[in-house]
Amino acid sequence: MEKPAHILVATDLSSHAGKAETRAAMLAQDAGHEEADAAAYGAALPLQTLRAMFERTPLETEQILVNAAKAELARRARPLGEKFHIEVTPVVKVGRVHLGIVAHADEVNADLVVVGGYGAHLVRELFLGATAEKVLRTSTRPMLIVKQEPLSPYKRLLVPVDFSPSSSRALDWGMAIAAGAEINVAHVYEVPNESTLRYASVEDKVVEGYHAVARHQARDAMSAFLKDRRPAETDFQRHILHGHPAAGIRDLAEELRPDLIVMGKHGQSEIEKLLLGSVTRHMLFETHCDMLVAMER
Ligand SMILES: Nc1ncnc2c1ncn2[C@@H]1O[C@H](COP(=O)(O)OP(=O)(O)OP(=O)(O)O)[C@@H](O)[C@H]1O
Ligand SMILES: [Mg+2]
């Protein structure tokens with residue numbers, strides 16, 4: 001897979017979004033495409049709220065706000081372009097924020113959409129802003145959610161896999177975006193009906209037997225999954241864990257402290273294409289780590 005050359009970063013011009021802007025610029029530079037529009041840059045102003053507040057917002061007021069956003073965006077875009085030697089195209093859109101971002105990503109055919117994990121309205125208990133979540137639900141494009149200060153290229157990746165096409169794509173993305181990084185590939189297996197087995201007081205030895213089979217199957221599946229893939233420099237670090245997938249991955253992330261987690265938008269269930277898989281959703285809300293969410297294709 002190619003590195004993403006055409007990146008759209010959405011910003012609400014908050015300081016949190018500044019991290020997303022810088023990370024997007026770093027990735028565009030890393031993709032090393034000399035041509036123009038290596039990175040696009042957009043903002044959507046939620047003017048609708050204002051329109052709703054004052055039944056008739058004077059047109060000049062709207063124009064003043066749009067102009068101010070344009071000026072601020074240009075002020076932020078210029079140093080990024082110069083520092084990272086990339087072409088940055090500032091675009092201000094008016095309307096519902098997540099729809100504006102998704103529509104613009106389609107318009108410019110962005111390879112990757114980058115958003116900040118938190119916006120101007122940071123709710124303490126939540127590790128993910130409403131806009132990021134809505135874009136993710138609506139978009140069919142891979143998305144990077146930036147929560148950390150982008151101090152260096154990604155060095156340690158965690159890629160949780162359930163062997164689905166989405167998670168396979170996630171691994172492709174991980175390898176493309178952070179060549180040379182340590183890549184940890186993890187799978188959490190469950191023993192079918194384990195709690196019922198225990199509850200029904202099935203002998204420990206029997207349960208252990210199931211456990212061993214499940215572990216073996218997980219190992220084999222992981223080997224098959226990784227067989228034709230080789231990271232550039234080192235081998236993958238494999239992790240096979242037992243337990244609840246979301247909890248297992250969260251614990252592993254706490255132990256490994258990766259700087260990027262790459263997951264599929266969906267997994268094995270694929271009940272509803274627009275929904276976000278529950279394991280991915282858990283991680284988005286429960287970690288401060290940057291996350292790249294890959295789509296099936
Ligand atoms: N058991 C697992 N071990 C490791 N990673 C997993 C596991 N299950 C899911 N994942 C990761 O989460 C991503 C999304 O899968 P998830 O399970 O959240 O969605 P789903 O299977 O479509 O829906 P459901 O919420 O019904 O399980 C996968 O692409 C993969 O990256
Ligand atoms: Mg699943």
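Coordinate-derived values only; no laboratory data. These numbers come from a predicted model, not from an experiment. Cβ: placed from backbone, ideal geometry, glycine included. Neighbour counts: every protein chain shown.
Numbers at a glance
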item: For VAL108, residues with placed amide H under 5 Å, excluding near neighbours; result: none
item: Solution diffusion estimate, µm²/s, Stokes-Einstein, the stretch 84-213, Kirkwood Rh from C-alpha pairs, 37 °C, viscosity 0.692 mPa s; result: 177
item: Sequence of VAL91, VAL97, VAL202 once ranked by neighbouring C-beta atoms within 10 Å, starting from the fewest; result: VAL202, VAL91, VAL97
item: ³J(HN,Hα), Karplus 6.51/-1.76/1.60, whole Hz, each residue of the stretch 164-181, x for Gly, Pro; result: 7, x, 4, 6, 5, 5, 4, 5, 4, 4, x, 5, 6, 7, 9, 4, x, 6
item: Theoretical FRET efficiency, 1/(1+(r/R0)^6), r = Cβ-Cβ of SER15 and ARG230, R0 51 Å, to 0.05; result: 0.80
item: Whole-Hz couplings from phi, Karplus 6.51/-1.76/1.60, listed for the stretch 75-81; x for Gly and Pro; result: 5, 7, 6, 4, x, 5, x
item: Residues ASN109 and ALA212, FRET efficiency given R0 of 35 Å [Cβ-Cβ distance, rounded to 0.05]; result: 0.10
item: Cβ-based charge dipole, the stretch 152-297, positive-most Cα from LEU276, VAL191, ALA214; result: LEU276
item: Chain lengthening between GLN268 and ASN67 when straightened (0.36 nm per residue, less Cα-Cα); result: 67.7 nm
item: Over 31 Å (Cα to Cα) - which of LYS19/LYS265; LYS134/LYS227; LYS83/LYS227; LYS70/LYS265; LYS155/LYS205; LYS70/LYS155 fall in this group; result: LYS134/LYS227; LYS83/LYS227; LYS70/LYS265; LYS155/LYS205; LYS70/LYS155
item: Length gained when the stretch GLU190-HIS288 is fully extended (0.36 nm per residue, less Cα-Cα span); result: 32.7 nm
item: Exposure proxy ranking, count of Cβ atoms within 10 Å, fewest first, for LEU171, LEU59, LEU158, LEU275; result: LEU59, LEU275, LEU171, LEU158
item: Extension gain, LEU99 back to LYS155 (0.36 nm per residue minus Cα-Cα distance, nm); result: 16.9 nm
item: Charged-residue dipole, Cβ positions (Lys, Arg, Asp, Glu), the stretch 152-297 about Cα centre, Debye nearest 20; result: 300
item: Per-residue Cβ neighbour rank within 10 angstrom, fewest leading, SER195, SER164, SER278; result: SER195, SER278, SER164
item: Dmax and Rg, reported as Rg then Dmax, of the stretch 152-297 (C-alpha, Å); result: 15.8, 52
